[in-house]
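Read-outs: derived from the displayed coordinates by stated rules, not from any lab. These numbers were taken from a predicted model, which means no experiment stands behind them. We place every Cβ from the backbone using ideal geometry, glycine too, and count neighbours over all the protein chains shown.
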Amino acid sequence: MNDAAWPDLPLPAGVRSRRVAGVNGLDLHVLEAGDPAAPLLLLLHGFPELAFSWRHQLPELAEAGYHVLAPDQRGYGRTTGWPVDYDADLRPFGMLNLARDALGLLAATGHREVAAVIGHDFGAPVAAWCALLRPDVFRRVVMMSAPFAGPPPLPGWGGPAAPADWQAALATLPRPRKHYQAYYGTREANADMRHCPQGVHAFLRAYYHVKSADWPGNAPQPLPDWRAVTLARMPTYYVMDRDLDMAATVAPHHPTPAQLAACRWLPDADLAVYAAEYARTGFQGGLQWYRCSSHPPCVAEMQLFAGRGIDVPAAFIAGAADWGMFQKPGELQRMQQQVCSRFVGLQVLPGAGHWVQQEQPQAVTQCLLRFLADTRA
């Protein structure tokens with residue numbers, strides 16, 4: 001589809017939409033704000049999101065004196081140049097290549113470094129890898145909602161690792177379960193969501209609702225171990241019933257009319273942006289990222305950096321109602337105590353769940369600006 005066929009995005013004043021061609025094989029769609037000569041902030045979204053997820057932070061950070069870029073990452077939205085097929089080579093979606101995408105965007109826009117790379121959800125490990133691989137370029141890092149426990153360990157080197165059979169153990173519970181990341185790696189997942197009975201708009205409304213602070217079932221807590229019975233304490237959007245797909249999992253939790261009327265952080269016009277983009281592209285581009293987490297060539301590539309940490313100033317932000325902090329036992333503590341040698345702040349924001357920069361946009365912006373001010377050389 002050419003650019004003329006894409007409708008304009010409902011962007012705040014001062015936010016521009018453009019394409020940056022020839023970035024590591026991609027034509028990147030980027031949202032941008034601020035003076036291109038100012039220090040750069042790079043904002044990386046997660047799943048199932050878009051650059052549009054940073055619509056609140058873009059103008060506010062620009063007003064504070066930064067040049068701000070938020071791309072639709074590889075596999076998402078209006079960025080083109082990635083293969084759409086389930087059977088395509090997964091390696092372009094591996095973490096090192098995603099970091100290469102970020103580095104390429106800097107080069108294409110005339111920047112040699114960023115004041116901070118900031119990632120949410122699956123964008124958080126991309127940001128972390130950027131800082132780990134090129135601390136000379138990515139001078140600070142903020143991770144949101146998804147802790148980073150470092151590169152996967154090499155056999156014999158020790159280090160944290162989940163038991164090899166932890167996913168299989170979920171299926172043996174009296175109420176058989178499966179992990180959402182395993183489901184996202186299946187051939188059926190894309191069609192289950194893209195062609196679900198309720199439609200993409202209603203599916204995403206329920207998905208965003210159930211992972212937000214608006215859903216009363218979110219009461220996250222640290223998990224002590226990887227036993228199946230422990231992991232099953234998490235909501236079903238993380239540890240699913242074995243025989244249900246994700247669309248069926250979240251459908252019973254679609255917000256009521258009263259909840260919809262009270263939802264200020266994701267009005268229907270904004271949700272329509274996500275629904276239109278995912279109805280057009282499908283979900284497979286983002287799902288490839290999950291598959292790379294266990295794809296042997298991608299894991300082996302990351303293991304080259306086993307034992308290496310992040311040595312630039314680092315911070316973490318999450319919503320108080322976000323299970324993402326705890327979905328992998330012990331990773332939040334490891335990130336703070338071992339992986340990040342200059343960890344300077346954990347901010348847990350009330351009134352937010354997983355979509356923290358959308359649910360509490362002003363609070364997130366203030367956290368980011370404080371971090372940037374506090375770590376200024």
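Computed quantities for the displayed model
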| read-out | value |
| --- | --- |
| Residue match in region 124-133 (condition: in contact with an Asp or Glu (Cβ under 6 Å, 6 or more places away or on another chain) and buried (at least 19 other Cβ atoms within 10 Å of the Cβ)) | no |
| Search result, residues across region 55-92 that are surrounded by fewer than 21 Cβ atoms within 10 Å (Cβ to Cβ), within 18 Å of Arg280 (Cβ to Cβ) and either touching a residue at least 12 places away in the same chain (Cβ under 8 Å) or under 15 Å from the mean Cα position of the chain (by Cα) (or both) | Thr80, Gly81, Trp82, Val84, Asp85, Tyr86 |
| Count of region 206-233 residues which are small (Gly, Ala, Ser), assigned to a helix (DSSP H, G or I) and touching a residue at least 60 places away in the same chain (Cβ under 8 Å) | 1 |
| Which listed residue, of Leu154, Leu105, is touching a residue at least 24 places away in the same chain (Cβ under 8 Å) and not in a loop (DSSP other than H, G, I, E, B) | Leu105 |
| Scan of region 344-368 for residues that are farther than 21 Å from Cys263 by Cα and surrounded by 17 or more Cβ atoms within 10 Å (Cβ to Cβ), ordered by number | Gln347, Cys367, Leu368 |
| Val250 being of a type in the set (Val, Ile, Thr), assigned to a helix (DSSP H, G or I) and surrounded by fewer than 19 Cβ atoms within 10 Å (Cβ to Cβ) | no |
| Test: residue in region 152-165 that is in contact with a His (Cβ under 6 Å, 6 or more places away or on another chain), within 30 Å of Ala213 (Cβ to Cβ), surrounded by fewer than 23 Cβ atoms within 10 Å (Cβ to Cβ) and not basic (Lys, Arg) | no |
| Tabulated pairs, region 175-197, first farther than 21 Å from Gly324 by Cα, second assigned to a strand (DSSP E or B), C-beta under 9 angstrom, 6+ apart or interchain | Arg175/Asp241; Pro176/Asp241 |
| Hits in region 269-300 - residues which are touching a residue at least 40 places away in the same chain (Cβ under 8 Å), small (Gly, Ala, Ser) and out of contact with any Asp or Glu (no Cβ under 9 Å at 6 or more places or on another chain) | Ala269, Ala272, Ala275, Ala276, Ala279, Gly282, Gly285, Ser293, Ser294 |
| Residues within region 33-54 that are over 19 Å from the mean Cα position of the chain (by Cα) and either of a type in the set (Val, Ile, Thr) or not in a loop (DSSP other than H, G, I, E, B) (or both), tallied | 2 |
